[in-house]
Structure formats: C-alpha cells, structure tokens
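Below is one structure; the comments refer to it alone.
The values are calculated or read from the model by the stated rules, or taken from the named source; none is laboratory data. Only a predicted model underlies this, so the values are computations on that prediction, with no experimental measurement involved. Here the Cβ positions follow ideal geometry from the backbone for every residue, glycine too, while neighbour counts run over all protein chains shown. What goes into the accessible areas is simple: the full protein's heavy atoms, side chains included, and nothing from ligands, DNA or RNA. Shrake-Rupley method; radii C 1.70, N 1.55, O 1.52, S 1.80 Å.
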Amino acid sequence: MTTIIEIDRAAIAFIKQHGGHVTVRRSPRHGCCGGAAYIAVAEAQTPNDTAAFQRHEYQSIILWIDPLLAYQGLRIGIEGWWKLRHLYIDGAALSGGAATGEKVPVSSRLSW
C-alpha cells in the first residue's frame, strides 16, 4: 500500500468508523482572475462513479484512488478534534496529470 499511497493509523481508524471506504481524487480550484489548479482531496466515502478510480483493499478499508494520484508519494492523515476531525492529503508535487504538464504542489487540508 505504501507504493500507492501512505495512510497513517489514525486515518485508517477514522475511515473504518465512517464506513470503511476512502476516495482520493483531484478537485479543481478556480482563481478570481481565471485559471484553475487541481488539489488532491481525501473523502471518507465511495465515489459517485467508481469506474473512474482504481480500487485497492488494505487493512479492512477500500481505497478508491484517481489513477493520476496513485504512486505519487502522497500520504493521508487526519487532523482536527472530536466532530471536527477530517482527512487531509500531504505529499510531494504531483509528477503528472496537470493540464500544463508542470508539477503541482500538494498540501490539502480540507474537510470532507
């Protein structure tokens, strides 16, 4: 699993508490003056269209990952407190999948 994406123990426990599925996908962010960038997000749920994702099983959870995000050195963690806990993705710049072919910095600490 570490070659596809790294998931820390606390995040695995959180995913199990929320149904046992995690989706890792690219999410577009648009600037105020035009342009767009994609960031990686992790959500404790099954994707709407499973055909667009790779499916992997690890420690009793199901990982659904965008093929462009697999094997990129990314890590899923958890932060927050009590009901405000959420998954985040941290890691190195993506080596592919950007519209321009440039590396995209990844550090998304967004609520699911």
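Among LYS16, LYS83, the order of accessible area from largest down is LYS83, LYS16, computed with a 1.4 Å probe on protein heavy atoms.
Rounded to the nearest 0.05, what FRET efficiency is calculated for GLN17 and HIS56 with R0 set to 22 Å and r the Cβ-Cβ distance? The value I calculate is 0.65. Shown in residue order for segment 27-41 are the 3J(HN,Hα) couplings computed by the Karplus curve 6.51 cos²θ - 1.76 cosθ + 1.60 at θ = phi - 60°: 10, x, 10, 10, x, 6, 10, x, x, 8, 9, 10, 10, 8, 10 Hz (x for Gly and Pro). Across segment 1-52, the mean sequence separation of Cα contacts (distance under 8 Å, 6 or more residues apart), normalised by length, yields a relative contact order of 33 percent. Could you state how much accessible area TYR38 has, in square angstrom rounded to the nearest 10, with a 1.4 Å probe and all protein chains kept in place? The accessible area of TYR38 comes to roughly 90 Å².
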